[in-house]
Amino acid sequence: MKTEHYRILEKSKITDFLDKLNTISKVAAPVYKGFNNYAFQTIKSAEEVSLKYIPTVIPPKKYFLPTNESLLEFSLGNELKVEPTVEYENLILFGVHTCDIAGIRCLNMVLSDKPKDTAYLIRKKHITIIGLECNDYCDEFASCAFVGAHLPTTGYDLMFTELEDYFIVHIHSSKGSDIIEKTGLFKPAQTISMEELKALREKKSAIFNNEIPTERRYLPDLFDRSFNASIWKELEQKCLSCGNCTAVCPTCYCFDIKENVDLSLKVGERYRVWFSCQLDPFAKVAGGIDFRRERSARQRHRFYRKFRYHIDRYGMVFCTGCGRCSRTCMAGIKLKEVLTSLIRESEAKIWRKWL
Amino acid sequence: MSKPKVAFFDFACCEGCQLQVANIGEPLLDVLDIVQIVEFREVMSEKWNGDFDVAFVEGSITDEHAVERIKKIRERSKILVALGSCATIGGVNGMKNSFDLEEVGKYVYGESYKFFPTLHTKAVHQVVPVDYFINGCPIYQPEFLTVLKCILQGIPYYVPEYPVCVECKLNENVCMYDRGVTCMGPVTKAGCNSWCINNGNICYGCRGLTINPNTEGLKEVLKNYKIPEDFLIKKIEMYNKCKEFDKS
């Protein structure tokens with residue numbers, strides 16, 4: 001932690017800061033929607049922003065991977081004309097929690113892998129991420145300490161951490177340092193603030209304890225033993241296949257591609273929309289065959305996509321511990337409970353082998 | 001090439017879905033550029049005696065006259081489209097099927113009910129083959145245009161088989177169950193872009209049940225939310241009573 005990479009912002013100046021941000025470019029921040037629901041929305045003034053919030057209904061993924069995104073435009077005149085399209089705009093995301101930053105890092109990994117998702121990579125360049133560290137758990141659904149997403153590491157331009165009397169801000173990119181300069185509200189950090197930050201992190205390490213009774217490094221083994229675990233059959237009874245868990249997941253990136261023509265029937269666009277492995281049509285192919293018909297198989301697939309397959313391919317766990325899937329599930333399928341059940345069953349099996 | 005001939009017909013319904021078409025606004029002008037509307041009682045007096053390329057049928061089939069009439073329309077149409085809940089799933093008219101037909105007749109027509117013979121309500125596809133379905137009570141205008149374009153391109157239109165929740169979540173609405181209100185979204189076919197919930201209303205389930213609902217799982221969910229099961233059954237029957245004819 002180098003003191004010169006840190007700045008101080010008085011708490012009373014946060015509204016000035018947000019209003020100044022709004023003059024630099026479009027700003028999206030967490031806004032309260034009622035009934036303990038929050039959403040990232042573009043803001044007109046600082047008053048709309050909720051600095052204290054639980055994870056939003058949909059993660060800020062929606063700005064990187066729009067729910068409905070035009071890919072190309074075509075016209076069917078005498079000859080076929082096709083023009084690829086990229087939708088992007090300059091945007092500052094304010095108040096992004098470390099779990100959601102971890103989610104964006106997962107997306108970066110997948111979408112810059114071959115074949116590169118050019119539209120995504122262009123859009124990403126136009127988005128500035130200002131993080132906001134959590135000093136305590138948002139609620140009982142979070143499992144961010146398990147995946148190590150409760151602390152800021154990387155993947156942001158600026159990171160705000162709230163201390164007793166002020167915010168200490170970590171500058172992590174030139175984009176971030178430009179904002180510090182343009183807004184002109186920050187003071188340099190002193191050694192005392194660095195000590196206060198250290199003290200906060202120590203306090204956090206007492207609050208944030210691994211929420212799952214295993215360690216991350218044992219996940220591959222655990223999942224290799226769990227393909228036929230009994231919990232999947234239980235989920236078959238519980239899951240309603242509404243697709244909420246995947247829609248709200250910061251690391252889900254599956255999409256469907258569709259085409260739309262205008263009423264001349266000659267001009268149209270190809271676009272993509274978010275899609276979900278939990279939905280009936282997802283794995284249906286020509287001839288009406290569905291290779292993941294059972295809800296149990298779909299739920300199992302979801303968990304393997306978070307905790308097994310991507311570890312082999314990218315060396316990363318694709319769960320950020322944000323707790324959204326558990327929070328949104330009407331049927332009460334809770335990620336922490338499912339993992340715990342897998343661990344218990346697998347432990348029992350290992351013991352039986354020894355005895 | 002002459003424009004495809006399009007006609008609109010209505011059976012037992014409120015004609016609100018046709019009103020949605022008539023009230024579609026500016027796109028109507030573009031629609032009229034590519035099709036020729038030859039019969040549409042709600043907006044014009046002209047009638048057509050020949051064949052149709054596309055016939056949109058609103059309403060459900062509730063008596064012998066209707067059966068005869070829909071069969072004739074089917075014979076004259078290359079493509080038949082069921083328009084709105086009454087036509088696609090029987091809709092609210094299906095509630096009649098919960099009662100004895102004689103009792104229903106007496107309730108409406110008194111002693112002269114014998115002059116008005118009636119049948120169990122059926123959706124259009126339960127009487128004649130239907131090529132395209134536009135669900136909803138009333139129909140969602142953007143979906144009407146999508147289906148129309150599919151018809152004219154000669155490609156199928158797939159009604160989404162997943163629940164309204166999928167679209168509702170992407171619209172970032174506050175879940176009605178979080179508000180403490182029972183919403184039919186989790187068991188209702190999507191395709192309306194969660195129109196009602198976007199505007200602060202609950203989903204009434206007008207588009208019909210999803211194809212593969214987990215009924216047992218839903219019962220558990222209802223218990224968790226302290227919603228009586230028969231309360232939900234009644235809500236389902238409001239639009240889905242004709243579903244039982246699909247099995248036979």
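The values are calculated or read from the model by the stated rules, or taken from the named source; none is laboratory data. No experiment lies behind these values; they were computed from the predicted model shown. Don't worry about glycine lacking a Cβ; one is built from the backbone with ideal geometry, like all the others, and counts go over all protein chains shown. We work out accessible area using only protein heavy atoms, side chains counted, and drop any ligands, DNA or RNA first. Shrake-Rupley method; radii C 1.70, N 1.55, O 1.52, S 1.80 Å.
For this structure, a couple of remarks:
- Partnerless cysteines, meaning none of the other Cys C-beta atoms lie under 4.7 Å away, in chain A: A:CYS106, A:CYS134, A:CYS138, A:CYS144, A:CYS239, A:CYS254, A:CYS277, A:CYS319, A:CYS329
- Applying a threshold of 26 Å to the alpha-carbon distances of A:LYS61/A:LYS334; A:LYS2/A:LYS203; A:LYS336/B:LYS219; A:LYS81/A:LYS125; A:LYS124/A:LYS336 flags A:LYS81/A:LYS125; A:LYS124/A:LYS336 as lying beyond it.
- Length-normalised contact order for the range B:123-247 - Cα pairs under 8 Å, 6+ apart - percent: 23 percent
- Ligands, DNA and RNA aside, A:ILE311 has an accessible area near 40 Å² when probed at 1.4 Å.
- Entry note, the protein assembly as shown: the mean residue ellipticity at 222 nm calculated from DSSP H runs of n ≥ 4, each adding -39500 (n - 2.57), is -10500 deg cm²/dmol after division by the residues and rounding to the nearest 500.
- Cleavage-rule hits, GluC sites (Glu not before Pro), the range A:65-167, DSSP coil, Cβ neighbours within 10 Å at most 10: A:GLU79, A:GLU89, A:GLU164
- Gyration tensor (alpha-carbon) shape descriptor, chain A, a/c threshold 1.5: oblate
- Shape category assigned to the range A:132-216 from the gyration tensor of Cα positions, a/c cut at 1.5: prolate
- Charge dipole of the protein assembly as shown about the Cα centre (unit charges at C-beta), most positive-ward option of B:CYS183, B:PRO142, B:GLN36: B:CYS183
- Positive-end residue of B:LEU119, B:GLY90, B:LEU19, charge dipole of the range B:5-153 with Cβ unit charges: B:LEU119
- Count Lys and Arg as plus one, Asp and Glu as minus one, and take only other residues whose Cβ is under 15 Å from that of B:GLU143; the net charge is then +1.
- Measuring nothing but alpha carbons in the range A:258-332 and taking Rh as the Kirkwood radius, the Rg to Rh ratio lands at 1.11.
- Maximal additional length on extending the A:ASN78-A:MET316 stretch stands at 80.7 nm, based on 0.36 nm per residue less the C-alpha distance.
- Loop-exposed trypsin sites (Lys or Arg not before Pro) per DSSP, neighbour cap 16 Cβ within 10 angstrom, longest uninterrupted part of chain B: B:48-178
- Across chain B, the mean sequence separation of Cα contacts (distance under 8 Å, 6 or more residues apart), normalised by length, yields a relative contact order of 19 percent.
- Near A:THR320, once Lys and Arg are set to +1 and Asp and Glu to -1 for all other residues with Cβ below 11 Å from its Cβ, the sum equals +3.
- Each part gets one Cα centre, and for the range A:224-247 versus the range B:96-128 those centres are 45 Å apart.
- Assigned charges on the beta-carbon of Lys, Arg, Asp, Glu; chain B dipole about Cα centre (debye): 260 debye
- Separation between Cα centres of the range B:155-214 and the range A:39-57, rounded to whole Å: 25 Å
- Cα-based Kirkwood hydrodynamic radius, the range B:5-153, one decimal, Å: 15.9 Å
- Nitroxide proxy distance, nm - points 7 Å out along Cα→Cβ at A:GLU195 and B:ASN201: 6.4 nm
- Cα-centre dipole for chain A with unit charges at Cβ (Lys and Arg positive, Asp and Glu negative), debye to 20: 1100 debye
- Cα-based reach from B:LYS47 at 22 Å (exclusive), listing lysines while leaving out same-chain residues under 8 positions away: B:LYS3, B:LYS5, B:LYS71, B:LYS72, B:LYS78
- Averaging 1/r across all pairs of distinct Cα atoms in the range B:164-242 and inverting the result yields a Kirkwood radius of 12.7 Å.
- Shape category assigned to the range B:28-97 from the gyration tensor of Cα positions, a/c cut at 1.5: prolate
- For the range A:1-88: Kirkwood Rh in Å [reciprocal of mean 1/r, alpha carbons]: 16.5 Å
- Percent breakdown of C-alpha pair distances by 20 Å bin, ordered from the shortest bin, for the protein assembly as shown: 17, 44, 29, 9, 1
- Buried accessible area, chains A and B (both chains, 1.4 Å probe, Å² to nearest 100): 2900 Å²
- Between B:GLU102 and A:GLN237, the FRET efficiency estimated from the beta carbon spacing at R0 = 51 angstrom works out to 0.75.
- Lys, Arg +1 and Asp, Glu -1 on Cβ, resulting dipole of the protein assembly as shown about Cα centre, debye, nearest 20: 1680 debye
- Buried on assembly, the range B:142-187 (at least 50 Å² less accessible surface than by itself, 1.4 Å probe): B:LYS149, B:GLU161, B:TYR162, B:LYS169, B:LEU170, B:GLU172, B:VAL174
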